[in-house]
1. Quick one: in segment 82-114, which of the residues that are in contact with a Pro (Cβ under 8 Å, 6 or more places away or on another chain) and surrounded by fewer than 19 Cβ atoms within 10 Å (Cβ to Cβ) is modelled with the highest pLDDT?
2. ASN180 fails exactly one of the following numbered conditions: (1) more than 19 Å from VAL43 (Cα to Cα); (2) modelled with pLDDT under 95; (3) within 17 Å of the chain's Cα centre (by Cα). What is the number of that condition?
3. Pairs under 9 Å by beta carbon, first residue at pLDDT below 85 in segment 25-50, partner of a type in the set (Asp, Glu), six or more apart or different chains?
4. Check segment 58-80 and report whether any residue there is at pLDDT 85 or above, under 24 Å from LEU181 (Cβ atoms) and in contact with a Cys (Cβ under 8 Å, 6 or more places away or on another chain).
Amino acid sequence: MNSIAMSNSVHRSDFLSLAGAHYFNAPALDDYFKPAALAITHVMRAADNGDFPLFAATLGIPPKEFAILLDDRSQPVFQFTEIHADLLTDWLPGLFLPLVELLWDYRSCDDRMDWLVSHAIASACFGNRHLWQDLGQPGREDVSNLFSRHFSGLYGRNTQDLKWKRFLFEELGKRLRRPNLKPPACNGCDNYRSCFPSF
């Protein structure tokens, strides 16, 4: 694979000038998968625009795994460029992979879309807005539908109808034995008190 070597010294502007603004196109999909495809495309393009940390431009997927997305099955739906395979994975936040693992453990099925959307949701959790906004969804109910379709076990566990970012980090905190674990951007949110009244 012809690729461009990247290093920790590469700045966001340098990367974007190489990668370009249009990572892939999403032709017509079955209606069932359109919300997931929208979430994936939105996260990658938002990272492209500087709205997410740079790792989200490849959904935090390591190079060898990301190369799988370049096969004949993926190209018609997600036309990734080869530059993605060299994006540094050591830029990942420490909680990113545990969050992906949490989502994947509750996947509804073992297909590629669930694998991709688990990375998209985990990436979006490091954005600065509500999860539905960071996933490019019309509203919170649409994120609930994403969970219902692709991570039904987690959807069923959110019995208190918590905000999805809060719920995910609360579940992750239980798994890691880190009580009161909160999403990184919550402290600056205008709705902080409504989500965390006891803090």
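1. PRO93
2. All conditions are met except number (3).
3. none
4. No, every residue in segment 58-80 fails to be at pLDDT 85 or above, under 24 Å from LEU181 (Cβ atoms) and in contact with a Cys (Cβ under 8 Å, 6 or more places away or on another chain).
The values are calculated or read from the model by the stated rules, or taken from the named source; none is laboratory data. Computed from a predicted structure; not experimentally measured. In this analysis, Cβ positions are derived from the backbone assuming ideal geometry, glycine residues included, and neighbour counts consider all displayed protein chains.
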